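Structure record follows, encoded as structure tokens.
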Amino acid sequence: MDWMPQNHSRSFSSRLDLARATQASEFVPRVVASRASASPNFLNSVSSIPNSPAVHPITKKFDDSDLSTRVTPESVSPPLVNSSPLINNSSLVSNSPHSNGSPLLNSSAIIHSDKLNSSPAIPAYQENVGGTTYFYQYQSPPENCQQNETTLNTTLPPALPEFSVFSVKKEPSYFMSEDLRNDILNRNVLTLMQPDPQQFPDLPQEVDSYHDLVPLEPISNTLHKAHMGYQASMYKATHIKTGAHFCLRRIHGFRLSNTKCMAFVELWKKLSHSNIVQLKEVFTTKAFSDNSMIFVYDYHPGSETLLNKHFSPDQAGYCDPFINDTSTPRPYSYQKNNILRHTQNNKLPEPLIWNYIIQLTSALRIIHTNALACRSLDPTKIIINSRNRLRLSCLGVMDVVLQETNSSINQLALVQHYQQEDLSALGKLVLALACKSTMAVQRENMSTALDIVSRSYTADLRNLIMYLLATQQRRSVTDLMPMIGARFYTQLDNLHNHIEILDHELSKELQNGRLFRIMTKLATINERPDFNLESSWAETGDRYMLKLFRDYVFHQVTQEGGPWLDMAHIVHCLNKLDVGVPEKISLVSRDEQSVLVVSYAELKHCLEQSYGELAGQAHDMSGLEKL
């Protein structure tokens, strides 16, 4: 946003005279675009005039919405036009006062030209002024148009357009949007969660290099048995040395006796992708009073599993259509029609399903390229955030657990087999999403589920599911690209748009750190009670000017004595102080007995010198020396 400079040393009468003087500026020809051509250059309208002389007119680009369609020709010379249409001495004077009581120009008042009603065009008119020929294209005036007898011919429309004044927001958005801010704050709150000792008395204080463990899922004695019969639980933890937050996945009662699996762990640790939760390290511990295996992953706060997102019974109105009520047996046709009717009313949007497919195939592609297999592609192991960003989690766990369970099996030889199982699991996952039911992938429900996909979605989605579920041929994740087709460009465009939004929001906060450093320097100097055994250090010399400048920036008052708060004024003054511009301002003491006229360059010198005195005596700078 452009800030209006506020100069307190110039009197109000001189500024008003300057605003009035701008009305009698040099002539600027008015140009109205012709209806015969879409080009903004008015030379196109000249070509239609017969025997028109070859001239070199002054051209200027105008916005069609700001051009007046009414021009007054005169027999002697064209009319005088205000070269600064944003100044109007009758509407720009406001009562926004400063401490000296003088009114200022209101920076929130913006004058614009109203669009006029279109009317039939009148033949072009030309005038020769100083040897230069100007061409005008007229339009007939509106019926209710009033004529000004002082400047207009009695038979011609008025020369000046009508103006109106409107006010912009008094507090424009200087900071990021509230939605983005709330999302980031929510994630920070989840990151800073602390465990409740009374609720979880058995949690250890430290686990290897991690502390402050917080369970991310309910812990009970009847934990679901995942990963080949081993119970599992997840925790948020903080690294002792770095303070970074990670996700710990604990495999209960697991004793590692074979270190061959660590070769897979090293491969997974090197794998980094936007749709994968990266594995950091793996270790064993007895901190939980048993032999546990700990997998450390990146922590993504605010995420939920795909199962809770789309298949949770806790959702309002969710009901799995494939779960039949055995107490009231129904004919098969009735059940199928009921499933079709329910799915049609509760299906997921197809663009969302393709969005998931693109992200999942992108993750599988990088995994298979590195001679690895996911082996845990189900809704409970896929996390999703508020932006529909998918990530595969719990990677590498199956490789370690199965290697320990069946140490005689050569896992490297079975990688290709596991990759084919990944593609089959992907097909079942897409089918479950299309039917919005985890029961749809069962063998007895497969034909009905495919019929639902054929009726509710495009043939491309059905062909992709059929290709993934077919086990007779060797499949590859790269073969899915032709089936995705141009939808990939839609996903790419959405990501770029999101990046532009984040870049725009970041640009709002770009200067905040710099302004914060300036305010920190001022705050450490102003009103300091004592320095070097001198109680009046902050009230004398350079510090006194900084005190008056603080009042000038933050303590402005209105004519009635009330606080006058203007963010634009504060940012404007702090920016000038940081640069040290030569512009001068008048600083008035609180008792109005002293007036100092100083420049921002002098104030910056005072600020740096005073802060340097403080920094020279400081014992612990703790980063403040970089301000």
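The values are calculated or read from the model by the stated rules, or taken from the named source; none is laboratory data. All values reported here derive from a predicted model rather than from experimental measurement. Positions of Cβ are backbone-derived with ideal geometry, glycine not excepted, and every protein chain shown enters the neighbour counts. Each accessible area value is taken on the protein alone, full model and side chains, heavy atoms only, with ligands, DNA and RNA left out. Shrake-Rupley method; radii C 1.70, N 1.55, O 1.52, S 1.80 Å.
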Environment charge of W537, counting only residues whose C-beta is closer than 11 Å and scoring Lys/Arg +1, Asp/Glu -1: -4
Separation of alpha-carbon centers, segment 462-537 and segment 364-398, rounded to whole Å: 22 Å
Within-10-Å neighbourhood charge of Y418 [Cβ basis; K, R +1; D, E -1]: -2
Taking the Cα centre of segment 498-605 as origin and charging only Cβ (+1 Lys, Arg; -1 Asp, Glu), how large is the dipole, in debye to the nearest 20? 260 debye
Among chymotrypsin sites (Phe, Trp or Tyr not before Pro) in segment 502-579, those in a DSSP loop whose Cβ has at most 16 other Cβ atoms within 10 Å are W564
Greater than 30 Å apart at Cα, pairs in K347/K381; K270/K436; K381/K508; K269/K309; K269/K436; K260/K381: K270/K436; K381/K508; K269/K436
Within-15-Å neighbourhood charge of S303 [Cβ basis; K, R +1; D, E -1]: +4
Would you mind putting 193-203, 348-358 in packing order, based on average other-beta-carbon counts within 10 Å, highest first? 348-358, 193-203
If you rank T191, T540 by how much accessible surface each has, with a 1.4 Å probe, what is the order from largest down? T540, T191
Please list F488, F295 in order of solvent-accessible area, largest first, computed with a 1.4 Å probe with all protein chains present. F488, F295
Solvent-accessible area of L267, probe 1.4 Å, all protein chains present, reported in Å² to the nearest ten, please. 80 Å²
Note down the nm distance, to one decimal, between modelled labels 7 Å out along Cα→Cβ at L307 and at E592. 7.4 nm
Between the DSSP loop rule and a limit of at most 10 other Cβ atoms within 10 Å, which trypsin sites (Lys or Arg not before Pro) in segment 455-495 are left? R474
